[in-house]
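One structure is given below, encoded as C-alpha cells.
The values are calculated or read from the model by the stated rules, or taken from the named source; none is laboratory data. None of these values were measured; they are calculated from a predicted model. Here the Cβ positions follow ideal geometry from the backbone for every residue, glycine too, while neighbour counts run over all protein chains shown. In case anyone asks, the SASA skips ligands and DNA or RNA and just uses the protein heavy atoms, side chains included. Shrake-Rupley method; radii C 1.70, N 1.55, O 1.52, S 1.80 Å.
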Amino acid sequence: MSIDYKAQGYRDLLISLDRGVAVVTINRPKQRNTFGGTLPQELEAVFELLDLDDRVRVVILTADTKAPAFCSGADLSGGWGGLFHVHRDSGGKVSMAIFRCRKITIAAVNGHAVGVGVTGLQLPFDFRFVWAGAKLALPFVRRGIAVEAGASFLLPRLVGHAKATALLLTGGTFSPDSPYLQGLYHDILPTREAVLPTALAFARELAENTSMTSVASTKALLSRGVDSIEGQHLIDSRVLADLARSDDAAEGARAFIERRPVQFKDTLKNLSEHIPWWTSPDTSFRRTKL
Amino acid sequence: MSIDYKAQGYRDLLISLDRGVAVVTINRPKQRNTFGGTLPQELEAVFELLDLDDRVRVVILTADTKAPAFCSGADLSGGWGGLFHVHRDSGGKVSMAIFRCRKITIAAVNGHAVGVGVTGLQLPFDFRFVWAGAKLALPFVRRGIAVEAGASFLLPRLVGHAKATALLLTGGTFSPDSPYLQGLYHDILPTREAVLPTALAFARELAENTSMTSVASTKALLSRGVDSIEGQHLIDSRVLADLARSDDAAEGARAFIERRPVQFKDTLKNLSEHIPWWTSPDTSFRRTKL
Amino acid sequence: MSIDYKAQGYRDLLISLDRGVAVVTINRPKQRNTFGGTLPQELEAVFELLDLDDRVRVVILTADTKAPAFCSGADLSGGWGGLFHVHRDSGGKVSMAIFRCRKITIAAVNGHAVGVGVTGLQLPFDFRFVWAGAKLALPFVRRGIAVEAGASFLLPRLVGHAKATALLLTGGTFSPDSPYLQGLYHDILPTREAVLPTALAFARELAENTSMTSVASTKALLSRGVDSIEGQHLIDSRVLADLARSDDAAEGARAFIERRPVQFKDTLKNLSEHIPWWTSPDTSFRRTKL
C-alpha cells in the first residue's frame, strides 16, 4: 500500500519520502510551532498512514527551523479549559498514533520544546536526537494541570521512575545533558542545523539494512510485553517460528554467509500471524457516558 | 484540614511546618536513630496526617545530626525474630504511608543509613538528597533475611532491575556516587550540614510555585499507572479534563500570560473526582487466618 | 541434594564446583562456541540441577578462551528455518532455566558475543562481568528475525526501554562502555583473562557470606514482584516472617552482634513456605495444537 500524502491536504505538516525514510515537518513557524491549529489531527492521521505505507521503513518528525521552537506546546491564550474540555486528550491521541506505528520512529528535536512538545512529540518515538541548546520544559505542575499525552506511562518506562519523577514533579526546564534526562536521547548535536541531517543519516542506514517485519516484530515484543518470562517466551517463540520461515529471514542468513548487503523485501503483510497477541482498551470517542 | 502535630505527642519525631514545607526529624540520637521505639508507628501516622493537612505542600524527612546515622536500621540486639513476628512488616507500613502521601516528599539523608534506613526511609520518597560521605548499607542477604519495606517493588521501578539486583544481592555498603545508585539521588552534598538546607530551599521553591492538585494528580498517574498506553490515555484524559476546569488551572494560565508568579489555592478537596481509579489489596491487619 | 555432574555426560560444557561456587564453561572452541550442538539442552539441564544442588551458592557461566568468542550465536549455515522450526525457542528455554535458578548467577563474558550469546547467555543472570574489548552484537533486525530468548522481557527490565530499544532496533554491535549498555555490566575488565578470576573472587566472597535462603527470597521478590506496593507488602511481610524464624536469621544477627563472620547452613529446604506465591504459564512442549 502506498499513500498520496499531497492528497491529504495537510496545512500544518510537510511530508517527504525518499528511499524508505519519511520526514514529517511541523510547519507552523508563525504560531511558534504551537501544538494547535490542525497539527494534532494531522499528526495523528499521518502516523496512521505512514504505518500502512509499504514504502516507509523509518519516520522522522522534525520542525521548521524558522521558529525557535521544535514545538512550543499548547497555546495558553484561551486558558486550559479550551484544551482539555473533551474526554480524549489530543496530545494522547498523537502519542498513541506514534507509539503504535510499526516502523522505526525518530524525533529530530531541532529547537526548544515545551509541554506536549516534550511529552507527545518525543516520548512515543523509538529514538530521539536533540540540539544541545534545546530548552526542554515540563511545566505542568507549575501551570495547574498534570502531565498528559500518555507521558506518565512512557517516561517511567523509558528512564525509570526516579528520573521521571524528578522531571515531572519539579516542573522544570532541562538541558539535554541533564542527569535527569540521561539515556533518553540517542544523540545530542551541537547545532540546530545538525540535528536533522544526523537523524537522516542514521535513518537511511537503518532503512537500507533492516527488515520491516523484524522491526515491527521487535517493536511489538518490546511495547506489548507480558509480565512473566514464561509468557514472553511463549509469544516470542511463536513470532520467531513464523519469521524464521520468511523471505527476509532467508535473505538475512544468505547475505550474512555471502558477506554482502541485505536486500529485504518483505512488508507488513508478511508479519507473523501471531501479531497482535494483545488487546487494549478502546479509546475511540463515543458520545455515551464513559 | 489542619493538624495539631504537638497534640499527637510524638516521642521519636519532631515536626515543624513553615510556608507549606513540613520537616519531620527523626529524634532518637541516644539510640543511634535506630528504627525502633515508637518511630515506626509515629512515621506511619504522621505521613497520613501530612497527606491530609491542607497547609502542607512538601514534606521533608531528615534526622537529628547528634547521631552519626540518618537511620541505623533495625535494632538487632533481640535477633530478627522479634522484629518480623507479625504478619505485617512495620518498615513496609511506613513505606506505604510515605508512598501514598499525595504531597511532594523528600528524604534529606544527612547521615549513614542501614537496612530500613535505606529502603523504607528513602525509596518511597519523590526525591532523595544525600550527604556524599554517607555509608548506605543493604546487608539483608548477609544477615539471613530478605529485603523488606516494599523495596523489592520500589527499587527496580526507580533505577531498573540491573542496579536493584546489584544492590540487594551483594548485600553491600555503597557510597552515594556508586554507579549502582546512579539516578537514585537528586543531589549529593559535600557535608552533612548542607543536606537539610539544600533540601529546604528546593522544597520552598516547589511549595511556592506548584499546584497541590497538579502534584497529587501527577503522583497518582506515575505511581498507579496501568499497563498500556491506551489505558493510561483514558485515565489521564479524564484527570486532565477535570483539572483544566479548576481554579488552579485558570490561575496557572493567567500567571503565565501575565508573566507573574502563581498564587495557587486549590487543595486536595479540589482533586479530580476520577482519582483514585485504582484498587489495591487491603493491608490492614486482621486477626483472621491470612 | 548433591548432583554428580560427571555422570550427566555433557559434551559441550565443563562443570567445576569448589567452596560453593560452580563454574560452567562453554566448551565448543572448534565451533567458535556457537549456540549449537548439545549446548542449549545441556545449559538448560545444568542450571536446573545447579538450582537443586545444596552445595551450590553461586553459579558462573564462562567460556573456553581458545575460541575468540564467549558465544558467537546461532550457526547460520542452515539458515534461520532450522533454528526456530519448533514451537519453543531453545534460547528462551535456556534463559528461563537461568532466570529461575535460585542461586546467585554470574555471566563472565570473556570474549565476543553475538545474538543469543548476548540475550540468552547474559541477560537472565544476576550479574555480568565483561572484557572491555568484547564486541557485543544484537543483529536480529539486520538478519530478518526478531529478538529471542525472552530478551524483550529481560532487557527493558534491566536498563529501561530507552536503552533496550536503542540496542535492539539498531541491530548494532556495541562495546561494553557504550552508553546504551550503561548499568548492564557489573564490572568491565581490561583483558579477557581477567574476567573469570574477577568474577570468581566476587563469587567466593558472596558464597562465604550470604544466606542461601536470603538470596533465593530476594531473587523471588525481585523477579516475581506484583504491581502494587500494597500487594508486594503482603508478600514480603510473609516471606520475612518465615525467614526471621530461621536458623540463618539467628546466625546472621548473632554474627553481627559478635562481630564475627557468618556461618550460614540453611538450604532451600528451609525456604519460606510462602514461596512461590506466583503462577506462570506452562511452557512445556506438548504435541497438541497451541
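Based on the alpha-carbon gyration tensor of the protein assembly as shown and its eigenvalue square roots a ≥ b ≥ c, which shape applies: rounded if a/c is under 1.5, prolate if not and a/b is larger than b/c, or oblate? Cα axes put the protein assembly as shown in the oblate bin.
Counting only other chains, what is the mean number of Cβ atoms within 10 angstrom of the Cβ of each residue in peptide B:164-176?
Numbers: counts 4, 11, 5, 0, 7, 12, 9, 7, 1, 0, 0, 0, 0.
That works out to 4 on average.
With label points set 7 Å from Cα along Cα→Cβ, the inter-copy distances at B:Asp187 are 3.5, 3.5 nm, sorted shortest first. For A:Trp277, the label point sits 7 Å beyond Cα toward Cβ; its separations from the matching points on the remaining copies run 2.6, 2.6 nm, from shortest to longest. Distances, shortest first, from the label point of C:Glu258 to those at the same position in the other copies read 7.3, 7.3 nm; the point lies 7 Å along Cα to C-beta.
Using a Debye calculation, one point per C-alpha and no hydration shell, please list log10 I(q)/I(0) for the range A:1-92 at q = 0.11, 0.16, 0.17, 0.21 Å⁻¹ in order. Log-scaled intensity ratios, in q order: -0.34, -0.69, -0.76, -1.05.
Accessible surface area normalised per residue over the protein assembly as shown is 37 Å², counting heavy atoms of protein chains with a 1.4 Å rolling probe.
Comparing B:Ser246, B:Ser280, B:Ser90 in a Gaussian network model of chain B (Cα springs below 10 Å), the most mobile by mean-square fluctuation is B:Ser280.
Applying a 10 Å radius around every beta-carbon, put C:132-139, A:8-15 in order of their mean neighbour count, most first. Don't skip to the end; give the middle numbers.
Numbers: C:132-139: 19.6, A:8-15: 15.6.
Peptide ranking by packing, descending: C:132-139, A:8-15.
On the rotation that sends chain C to chain B, the chain C Cβ lying closest to the axis gives residue and distance in whole Å as C:Gly160, 3. Quote the FRET efficiency, to the nearest 0.05, computed for B:Asp54 versus A:Ala201 with a Förster distance R0 of 45 Å and r equal to the Cβ-Cβ distance. Plugging the Cβ-Cβ distance into 1/(1 + (r/R0)^6) gives 0.25.
To one decimal place, what orientation-averaged projected area in nm² is obtained for the convex hull of the Cα set of the range B:44-155? Could you put the intermediate results ahead of the total?
Details: hull surface 30.1 nm².
Across all orientations, the range B:44-155 yields a mean hull projection of 7.5 nm².
For the range C:189-231, the gyration tensor built on C-alpha atoms gives an oblate shape. Its axis ratio a/c (a ≥ b ≥ c) is at least 1.5, and a/b is not larger than b/c.
The range B:184-259 and the range B:27-58 have Cα centres separated by 23 Å. DSSP bridge analysis restricted to chain A gives an antiparallel fraction near 30%, rounded to the nearest 5.
Shielding by partners for peptide B:208-221, expressed as the average number of C-beta atoms from other protein chains within 10 Å of each residue's C-beta, is 6.
Let me test this: with uniform point scatterers at the alpha carbons of the range A:6-208, what is the Debye-based log₁₀ I(q)/I(0) at q = 0.11 1/Å? Results for the range A:6-208 at q = 0.11 Å⁻¹ read -0.45.
Please find the FRET efficiency linking A:Glu273 to C:Asp18, where r is the Cβ-Cβ separation and R0 is fixed at 35 Å, and quote it to the nearest 0.05. Please list the in-between numbers first.
Working: r = 50 Å, r/R0 = 1.43.
Result of the calculation: an efficiency of 0.10.
Starting from the Cα gyration tensor of the range A:151-230, take the square roots of the eigenvalues, sort them a ≥ b ≥ c, and report rounded, prolate or oblate (rounded when a/c is under 1.5, otherwise prolate if a/b is larger than b/c, else oblate). It comes out oblate by the Cα gyration axes.
Pairs of Lys residues in chain B, spaced 8 or more positions apart or belonging to different chains, with C-alpha separations under 18 angstrom: 8 in total.
Dipole magnitude for the range C:212-270: about 220 debye, using +1 per Lys or Arg Cβ and -1 per Asp or Glu Cβ, origin at the Cα centre.
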